[in-house]
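A.B. asks: Below is a structure I'd like to ask you about.
Bear in mind that the values in this text are calculations on the coordinates, not laboratory data. Keep in mind that this is a model prediction, so the values were computed, not measured. Cβ atoms come from the backbone with ideal geometry, glycine included; neighbour counts cover every protein chain shown.
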Amino acid sequence: MEYRLIELDPEHPGFRDARYRARRDAIAHIALAYRSGDPVPLAPYSEEEHAVWQGIRQALAPVHQESIATPLLELERALDLDQERIPQLRDVNRRLRQGAGFSMEPVAGLVTPRIFMEHLGRRIFLSTQYIRHHSRPFYTPEPDVVHELVGHAASLLHPGICALSQAFGRAALKADAQDMERLTRIYWYTLEFGVVMEQGQVKGYGAGLLSSVGELERACSGEVPLLDWDLDAVCALPYDPTTFQPYYVLAPSFEQALSDIAAWLAVQS
Ligand SMILES: [Fe+2]
């Protein structure tokens, strides 16, 4: 049996693609050899992988103009990620350091929420470098470089989101398993899939929305239930990461979302 560093679920779009699986393993090796604080190694992307990135960016651009919260749209313009070539984390980090000092460091795949948040506390955002399978460019069952860079990177230039990310990290340090579950749900329904009201319109600010054309349109469509802004209720809501979300949590404004989450976290830690 062939040795695989990265296991994929049989339902994964790349499960039967030997070439894709070899690429996943090669990029995972980069992350596994990485030591925190070293310069982030370059991921050598193929032309096919750049083309996947380009196709997703082209599809997302008009939807972002319409549907994402203004502070993130402005930061996205400031970050100005390449539209045609997959940016390297090393280059993105140069820009992030000019903000609140966050940097992205490579990981081979999904890490536990505790590990993820503890790194946030140290202003490190753990980021995958591989890209999703070309057969389904608008779907990924796991975070990939599109999710990390298009979804999260610009937000790491926002002082409020950086402070909040560090607060999640502080709370995680003291959290038992039950607390960790609550923290993870708050993060999920806000910084991953949150929506806000902005001048009478629903806008996305969560990274899972910013990196998915289908899910961003869906969240802002008015056709999916939007739950009231009540963080004590949100932290009791389980979630399913494998499919479109059945509802989204709507904050009255972007600013209030950040300040209320910060206040909620302050009580936890
Ligand atoms: Fe994410």
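A.B. asks: So if I check each of ALA31, ALA51, which one is outside any loop (DSSP other than H, G, I, E, B) and out of contact with any strand residue (DSSP E or B) (no Cβ under 6 Å at 6 or more places or on another chain)?
C.D. replies: ALA51
A.B. asks: Something else now. Looking at segment 242-268, which of its residues are touching a Leu at 6+ places or on another chain (Cβ under 8 Å), touching a residue at least 24 places away in the same chain (Cβ under 8 Å) and hydroxyl-bearing (Ser, Thr, Tyr)?
C.D. replies: The answer is TYR248, and nothing else.
A.B. asks: If we keep just the residues of segment 211-231 that are of a type in the set (Gly, Ala, Ser) and surrounded by fewer than 18 Cβ atoms within 10 Å (Cβ to Cβ), which is farthest from the ligand (Cβ to nearest atom)?
C.D. replies: Step by step, filter segment 211-231, then rank; the result is GLY222.
A.B. asks: Which number in (1) more than 30 Å from ASP176 (Cα to Cα); (2) without any contact (Cβ under 8 Å) to a residue 12 or more places away in the chain; (3) surrounded by 13 or more Cβ atoms within 10 Å (Cβ to Cβ); (4) out of contact with any helix residue (DSSP H, G or I) (no Cβ under 8 Å at 6 or more places or on another chain) marks the one condition that LEU73 misses?
C.D. replies: Answer for LEU73: the failing condition is (4).
A.B. asks: Right, another one. Which one of these is of a type in the set (Gly, Ala, Ser), outside any loop (DSSP other than H, G, I, E, B) and buried (at least 19 other Cβ atoms within 10 Å of the Cβ): ALA263, ALA257?
C.D. replies: The match here is ALA257.
A.B. asks: Do you know which residues across segment 110-128 are of a type outside the set (Val, Ile, Thr), under 14 Å from the mean Cα position of the chain (by Cα) and crowded, with 17+ Cβ neighbours inside 10 Å?
C.D. replies: PRO113, PHE116, MET117, LEU120, PHE125, LEU126, SER127
A.B. asks: In segment 218-234, what residues are of a type outside the set (Val, Ile, Thr) and out of contact with any Leu (no Cβ under 8 Å at 6 or more places or on another chain)?
C.D. replies: Within segment 218-234, ARG218, CYS220, SER221, GLY222, GLU223, PRO225, ASP230, LEU231, ASP232 qualify.
A.B. asks: List the pairs whose first member sits in segment 134-148 and is under 16 Å from LEU60 (Cα atoms), whose second member is among the small types (Gly, Ala, Ser) and away from the ligand (no atom under 15 Å from the Cβ), and whose Cβ atoms are under 6 Å apart, counting only residues at least 6 apart or on separate chains?
C.D. replies: From residues that are under 16 Å from LEU60 (Cα atoms), the pairs are PRO137/GLY55; PHE138/GLY214.
A.B. asks: Follow-up question, since we're still on this one. For segment 40-50, does any single residue satisfy the condition of being under 25 Å from GLU198 (Cα atoms) and surrounded by 14 or more Cβ atoms within 10 Å (Cβ to Cβ)?
C.D. replies: No; the residues of segment 40-50 include none that is under 25 Å from GLU198 (Cα atoms) and surrounded by 14 or more Cβ atoms within 10 Å (Cβ to Cβ).
A.B. asks: List the residue pairs whose Cβ atoms are under 8 Å apart, where the first residue sits in segment 228-241 and is over 18 Å from VAL195 (Cβ atoms), the second is charged (D, E, K, R), and the two are 6 or more positions apart or on different chains.
C.D. replies: ALA236/ARG182; ALA236/ARG185; PRO238/ARG185
A.B. asks: Is there a residue in segment 84-103 that is in contact with a Lys or Arg (Cβ under 8 Å, 6 or more places away or on another chain) and surrounded by 18 or more Cβ atoms within 10 Å (Cβ to Cβ)?
C.D. replies: Checked against the condition, which is being in contact with a Lys or Arg (Cβ under 8 Å, 6 or more places away or on another chain) and surrounded by 18 or more Cβ atoms within 10 Å (Cβ to Cβ), segment 84-103 yields at least one hit.
A.B. asks: Hey, another quick one. Considering only strands (runs of 3 or more DSSP E) fully contained in segment 96-210, which possess at least 2 residues that are in contact with a helix residue (DSSP H, G or I) (Cβ under 9 Å, 6 or more places away or on another chain) and within 14 Å of the ligand (Cβ to nearest atom)?
C.D. replies: Once the strands (runs of 3 or more DSSP E) in segment 96-210 are filtered for at least 2 residues that are in contact with a helix residue (DSSP H, G or I) (Cβ under 9 Å, 6 or more places away or on another chain) and within 14 Å of the ligand (Cβ to nearest atom), what remains is 124-127.
A.B. asks: Of all residues in segment 218-254, which are assigned to a strand (DSSP E or B) and not hydrophobic (A, V, I, L, M, F, W, C)?
C.D. replies: TYR248
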